[in-house]
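Structure first, commentary second.
Quick note: the coordinates plus some simple rules give every number you see, no bench work behind them. The model shown is predicted, which means the values in this text are computed figures rather than measured ones. Glycine gets a Cβ as well: all are built from the backbone with ideal geometry, and neighbour counts include every protein chain shown.
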Amino acid sequence: MASSKLVKAILDPKKNWFAALHKKTIANRLIPYGLRFDDLYDPMESLDIKEALARLPREIVDARNQRLLRAMDLSMKHEYLPADLQAQQTPFRSYLTDMLALVEREKAEREALGALPLQQRTLP
């Protein structure tokens with residue numbers, strides 16, 4: 001329990017200057033492309049992420065896909081968003097983290113009860 005408090009204190013940007021610097025650096029990399037931190041989660045990496053995205057409302061998933069497509073387009077053109085749009089960006093406004101935590105809790109509960117997994121990985 002003490003180690004988890006220590007880890008939280010180390011990773012908290014309000015308490016650790018290095019964590020704050022890291023958060024600022026990530027924000028500076030995401031804002032020019034109009035991305036959010038949750039956009040970086042890859043549904044092909046984890047079935048939990050894929051399930052969490054499937055449970056989100058369609059509007060949120062569509063907005064995520066539009067942000068990703070816009071970011072890829074800007075990257076290919078070697079351009080950034082205009083300064084007025086960059087000022088409106090909120091890179092750490094979360095939309096996926098809560099649903100992902102719910103999916104992971106359900107998965108842990110199913111494993112604790114000995115039930116079959118909700119989804120199984122299949123190789124193409």
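Cross-link partners of K5 among lysines, defined as those whose alpha carbon lies under 16 angstrom from its own and excluding same-chain residues fewer than eight positions apart: K14, K15. Net length available on complete extension from A27 to A108 is 26.0 nm, with 0.36 nm assigned per residue and the Cα-Cα distance removed. In the chain, if every C-alpha pair distance is counted and binned at 10 Å from zero, what percent goes to each bin? Once binned at 10 Å, the Cα pair distances of the chain give 11, 30, 33, 21, 5, 0. Treating r as the C-beta distance of M76 and A115 and R0 as 41 Å, the FRET efficiency rounds to 0.35.
Take the Cβ atoms of L11 and D42, set R0 to 35 Å, and the FRET efficiency comes out at 0.95.
Within a straight-line Cα-Cα reach of under 18 Å, K23 can be paired with the following aspartates and glutamates, leaving aside sequence neighbours fewer than 8 residues apart in one chain: D12, D38, D39.
Annotation: lysines with alpha-carbon distance below 18 angstrom to K50 (same-chain offsets under eight excluded): K107.
FRET efficiency for the Q66 to A87 pair, using the beta carbon distance and R₀ = 22 Å, is estimated at 0.70. Under a Gaussian network description of the chain, with springs only between Cα atoms under 10 Å, the residue in L11, L74, L35 that fluctuates furthest is L11.
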